[in-house]
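Each remark here refers to the structure printed beneath this line.
All of the numbers you see were taken from the coordinates with simple rules; none came from a lab. For clarity, every value in this text was computed on a predicted model and none was experimentally measured. FYI the Cβ positions are ideal-geometry reconstructions off the backbone, even for glycines, and counts take in every protein chain you see.
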Amino acid sequence: MSEPTDDLQRESILLRILWMVIFTLVWQLAELLLGAVVLLQLGYRLFYGAPSGSLMNFGDSLSQYLAQIGRFGTFHTDEKPWPFSDWPVPRAPEGEAPHDIPPAPSPVRDEEPKL
């Protein structure tokens, strides 16, 4: 007869394989999304002369997420990536400063609206 620990280890590895297959599919989608972010950022940089801060932050978070999937898939960690853990927080930019869009001025009202 097989021991209970052998059965648990077999069940555990089968479940891990299932998660690895699912995260491999998620990797493929995230990789396409990161490619789109790269192209959008390039267009933004060419048009405005500086990269978009929001695209920089999202691209950094997405690349960290891909790294989390890679670490899980290669057995470097047992912690499953998002949505089972927190979404990665973007780091401070190390390259160009992002394009800064100043807030729109609020309208000035001199008098009360007339009814």
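With a simple spin-label model that places each label point 7 Å from the Cα along the Cα-to-Cβ direction, the separation between THR5 and LEU40 comes to 5.0 nm. Listed from fewest to most Cβ neighbours within 10 Å, the set LEU42, LEU33 follows the order LEU42, LEU33.
The HN-Hα couplings worked out from phi for segment 86-92 by the Karplus form 6.51 cos²θ - 1.76 cosθ + 1.60 (θ = phi - 60°) are 5, 5, x, 8, x, 8, 5 Hz, whole numbers, x standing for Gly and Pro.
Annotation: amide H of HIS99 within the under-5 Å range of SER52, GLY53, sequence separation 5 or more or interchain, hydrogens built in the peptide plane. Each principal axis of the Cα cloud of segment 26-93 was evaluated for its coordinate range; sorted largest first, these ranges are 43, 23, 17 Å.
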